[in-house]
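The values are calculated or read from the model by the stated rules, or taken from the named source; none is laboratory data. This one's a predicted model, so the numbers in the text were calculated from it and none came from an experiment. When we count neighbours, we look across all protein chains shown, and the Cβ atoms used for this are built from the backbone with ideal geometry, even at glycine.
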Amino acid sequence: MGAHIDNNSNISSNYSSTVIVHMPRDARMPINRCNLSADIIGSLTFQENPADIHLDGIDTIYEELFTRLDLLMDEDDRSQLFLDYMDVMFSLHNLEAAGYNPDNKKHRKKADFLRMARGWSFDPDGREAAVLKGWVQSRFGLTPRFHIEPILTPDCPAYLKYQEMRSTGIYNTNALDTQLDMLYSFCQNEIKRRYKGQTHLRLYRGVNHLDQYELLHQLDKRERIILLNNLNSFTDNRERADEFGDYILQADIPLSKIFFFHKLLPKMLKGESEFVVLGGVCRVKLVW
């Protein structure tokens with residue numbers, strides 16, 4: 001799978017893939033809200049030679065936050081600054097200032113970015129997960145391929161059910177999509193500090209059935225090119241991955257595809273060793 005990548009060393013991508021695999025058209029949208037198109041982000045070429053992804057407007061509108069983060073050397077201090085900033089910016093502990101009406105029977109006062117992340121950890125096919133997959137679809141143009149069941153076409157019952165769950169999950173919330181923009185942007189800012197000089201992380205995913213992913217190309221008995229869902233959980237702990245399936249998939253994931261991870265914020269995904277990553281075409285290796 002290219003050169004061996006050690007998560008604790010300085011690395012660079014030096015894949016030499018000669019395989020040409022195109023991302024299916026119905027797995028991407030023609031528009032998104034970042035600096036790269038969905039067909040680039042979701043391509044095998046991007047996995048092999050990644051680039052930074054910038055969400056529209058975030059670097060400019062929230063420049064003050066990232067300037068202040070640059071002044072802090074300790075990761076715990078940066079995490080606390082981010083949490084404090086989010087609290088104030090989105091009135092997370094003063095919802096009346098954000099328009100919360102306690103008389104509204106359909107209020108979603110607890111639906112913030114942390115609740116969405118924890119909801120994903122509990123159930124990747126739940127309502128919070130539908131919100132996260134919808135955010136990925138909106139921002140990066142990568143469409144979901146699975147939510148409770150395979151999503152085959154934009155008009156199939158599975159896609160309509162996903163849209164219903166997504167709409168219910170985001171209804172009457174406080175700028176939740178923007179909160180998720182900030183979470184991704186903070187993660188990118190932070191992960192480049194913690195894995196300085198690296199472009200990829202070697203991550204693992206336990207699966208029960210190898211055919212649960214769309215196979216795009218079989219390289220050999222152990223290596224294949226598959227299409228991941230638009231959002232996926234991996235771990236950096238190979239033994240941990242073994243707890244979640246009979247087979248272990250190993251992949252070198254670009255840092256720019258990591259949405260959030262277990263050590264990003266205090267008690268975010270406690271004890272899970274989890275990395276939540278964007279999908280698309282991905283070269284994986286079956287390991288034991």
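For Leu269, state whether it is touching a residue at least 40 places away in the same chain (Cβ under 8 Å), surrounded by fewer than 23 Cβ atoms within 10 Å (Cβ to Cβ), aliphatic (A, V, I, L, M) and in contact with a Leu (Cβ under 9 Å, 6 or more places away or on another chain).
No: the conditions fail for Leu269.
Among the residues that make up segment 196-204, is at least one of them closer than 23 Å to Phe146 by Cβ and either of a type outside the set (A, V, I, L, M, F, W, C) or touching a Lys or Arg at 6+ places or on another chain (Cβ under 7 Å) (or both)?
There is at least one residue in segment 196-204 that is closer than 23 Å to Phe146 by Cβ and either of a type outside the set (A, V, I, L, M, F, W, C) or touching a Lys or Arg at 6+ places or on another chain (Cβ under 7 Å) (or both).
Could you check segment 68-83 and list, in sequence order, the residues that are surrounded by 13 or more Cβ atoms within 10 Å (Cβ to Cβ) and part of a helix (DSSP H, G or I)?
Answer for segment 68-83, where residues must be surrounded by 13 or more Cβ atoms within 10 Å (Cβ to Cβ) and part of a helix (DSSP H, G or I): Arg68, Leu69, Glu75, Arg78, Ser79, Gln80, Leu81, Phe82, Leu83.
Which numbered condition in (1) without any contact (Cβ under 8 Å) to a residue 60 or more places away in the chain; (2) over 23 Å from Asp52 (Cβ atoms) is the only one that Asn232 fails?
(2)
Could you check, for segment 240-252, whether at least one of its residues is surrounded by fewer than 19 Cβ atoms within 10 Å (Cβ to Cβ), in contact with a helix residue (DSSP H, G or I) (Cβ under 7 Å, 6 or more places away or on another chain), assigned to a strand (DSSP E or B) and free of Cβ contacts under 8 Å to residues at least 60 places away in the same chain?
yes
Is there a residue being more than 27 Å from Leu265 (Cα to Cα), polar (S, T, N, Q) and not in a helix (DSSP H, G or I) anywhere in segment 156-177?
No - not one qualifying residue is present in segment 156-177.
One residue is enough: does segment 166-173 have a residue meeting the conditions modelled with pLDDT of 95 or more and among the aromatic types (Phe, Trp, Tyr)?
No.
Read through the list (1) surrounded by fewer than 18 Cβ atoms within 10 Å (Cβ to Cβ); (2) farther than 22 Å from Asn237 by Cβ, then give the number of the only condition that Tyr184 fails.
Result: Tyr184 passes all but (1).
Can Asn230 be described as touching a strand residue (DSSP E or B) at 6+ places or on another chain (Cβ under 8 Å) and either modelled with pLDDT of 95 or more or surrounded by 15 or more Cβ atoms within 10 Å (Cβ to Cβ) (or both)?
Judged against the criteria, Asn230 is a match.
Kindly evaluate Phe146 against the criterion of being among the hydrophobic types (A, V, I, L, M, F, W, C), surrounded by fewer than 17 Cβ atoms within 10 Å (Cβ to Cβ), touching a helix residue (DSSP H, G or I) at 6+ places or on another chain (Cβ under 9 Å) and within 19 Å of Asn229 (Cα to Cα). Give the derivation first.
Working: among the hydrophobic types (A, V, I, L, M, F, W, C): yes; surrounded by fewer than 17 Cβ atoms within 10 Å (Cβ to Cβ): no; touching a helix residue (DSSP H, G or I) at 6+ places or on another chain (Cβ under 9 Å): yes; within 19 Å of Asn229 (Cα to Cα): yes.
So Phe146 does not fit the description; no.
Report, by residue number, each residue of segment 133-155 that is in contact with a Lys or Arg (Cβ under 9 Å, 6 or more places away or on another chain), assigned to a helix (DSSP H, G or I) and not aromatic (Phe, Trp, Tyr).
Lys133, Gly134, Gln137, Ser138, Arg139
What are the residues in segment 220-262 that are within 30 Å of Gln179 (Cα to Cα) and of a type in the set (D, E, K, R), if any?
Asp236, Arg240, Asp252, Lys257, listed by residue number.
Assigned to a helix (DSSP H, G or I), surrounded by 15 or more Cβ atoms within 10 Å (Cβ to Cβ), modelled with pLDDT under 95 and in contact with a strand residue (DSSP E or B) (Cβ under 7 Å, 6 or more places away or on another chain): is that true of Ser121 in this structure? Walk me through how you get there before you give the answer.
Values: assigned to a helix (DSSP H, G or I): yes; surrounded by 15 or more Cβ atoms within 10 Å (Cβ to Cβ): yes; modelled with pLDDT under 95: yes; in contact with a strand residue (DSSP E or B) (Cβ under 7 Å, 6 or more places away or on another chain): yes.
Criteria met by Ser121.
Quick one: in segment 253-266, which of the residues that are touching a strand residue (DSSP E or B) at 6+ places or on another chain (Cβ under 8 Å) and of a type outside the set (A, V, I, L, M, F, W, C) is surrounded by the fewest Cβ atoms within 10 Å (Cβ to Cβ)? So that I can check it myself, show each step before the final result.
Residues of segment 253-266 that are touching a strand residue (DSSP E or B) at 6+ places or on another chain (Cβ under 8 Å), as a first pass: 253-255, 257-262.
Now restrict to residues that are of a type outside the set (A, V, I, L, M, F, W, C): 254, 257, 262.
On the way: Pro254: 22, Lys257: 25, His262: 20.
Ranking the candidates gives His262 first.
Are there any pairs with C-beta distances below 6 angstrom linking a residue in segment 23-40 that is farther than 13 Å from Ser138 by Cα to a residue that is of a type in the set (Gly, Ala, Ser) and surrounded by 13 or more Cβ atoms within 10 Å (Cβ to Cβ), with the two at least 6 apart or on different chains, and if so which?
Within 6 Å, the pairs are Met23/Gly42; Met23/Ser43.
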